[in-house]
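Accompanying notes for the structure given below.
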Amino acid sequence: MTSTRQQEANAQNAQKSTGPATAAGRARSAKNAISHGLTSGSALLESEDAEEYSRHVRSYIDNHGPQNQQQAFFVTQLAEAAWRLRRARRFENAILDADPTMSNDETLNKICKLNRYEASIERSYYRAYRELERLRALYQKAEIAAMEEYIMAPISRSTNRTQSGPQMPLDPGLRDLLGRCQTALDTGAEAI
């Protein structure tokens, strides 16, 4: 239990340290936790080129062509993880350039810690990649099922006059294909 004197001393000391007083000091102290940016919320650090990062992300989007918001999320995750891996490898090169023989224990500790970060980032990359592929497979299955359902639906030989509203005309090529499919089904033919 703290004594009254200790509580008073703590209260006085707390008044002495209220944090940075200037805007520059507050901005600097806000970055205290960012030492390397491998685990930061944003993949882009202030010291990195925003245009280069934007081109990097755009290349991933162009390459993977996400078709909806979920896929776009995972493509962005891939791009961010790849960006962080590039940064980690630059750090590794800088560490090894400073001490190529790794004779210093501090160098070994830095390399070991960096390798843990790299492994975590790689897992994140491959997890996003697997999830993106899983989503694509689901959408592809759903698309194929919808097409099969449409193709296998029975074709009416007469026009249904009880429907209200205008009917959309079928593409002539599709109408011909569907007609041949129905004829083949009616006659039991094995080929169209």
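The values are calculated or read from the model by the stated rules, or taken from the named source; none is laboratory data. Because the structure is a prediction, the values reported are computed rather than measured. Quick reminder, even Gly has a Cβ in these numbers, built from the backbone with ideal geometry, and neighbours come from all protein chains shown. Surface areas here come from the heavy atoms of the whole protein model, side chains and all, with no ligands, DNA or RNA. Shrake-Rupley method; radii C 1.70, N 1.55, O 1.52, S 1.80 Å.
For the reader, a short list of remarks on this structure follows.
- On inspection, Arg89 passes the criterion of being out of contact with any Gly (no Cβ under 6 Å at 6 or more places or on another chain) and farther than 24 Å from Glu133 by Cα.
- Meets criteria (open to solvent by 40 Å² or more (accessible area, probe 1.4 Å) and assigned to a helix (DSSP H, G or I)) for Thr107: no
- Any hit, segment 136-147, residues being more than 22 Å from Leu174 (Cβ to Cβ), in a helix (DSSP H, G or I), without any contact (Cβ under 8 Å) to a residue 60 or more places away in the chain and open to solvent by 60 Å² or more (accessible area, probe 1.4 Å): yes
- When restricted to residues that are in a loop (DSSP other than H, G, I, E, B), at pLDDT 65 or above and surrounded by fewer than 11 Cβ atoms within 10 Å (Cβ to Cβ), segment 14-41 contains 5.
- The test for being modelled with pLDDT of 75 or more and within 23 Å of Trp83 (Cα to Cα) does not hold for Tyr139.
- Residues of segment 101-159 satisfying the condition of being farther than 30 Å from Ala43 by Cα and among the aliphatic types (A, V, I, L, M): Ala142, Ile144, Ala145, Ala146, Met147, Ile151, Met152, Ala153, Ile155
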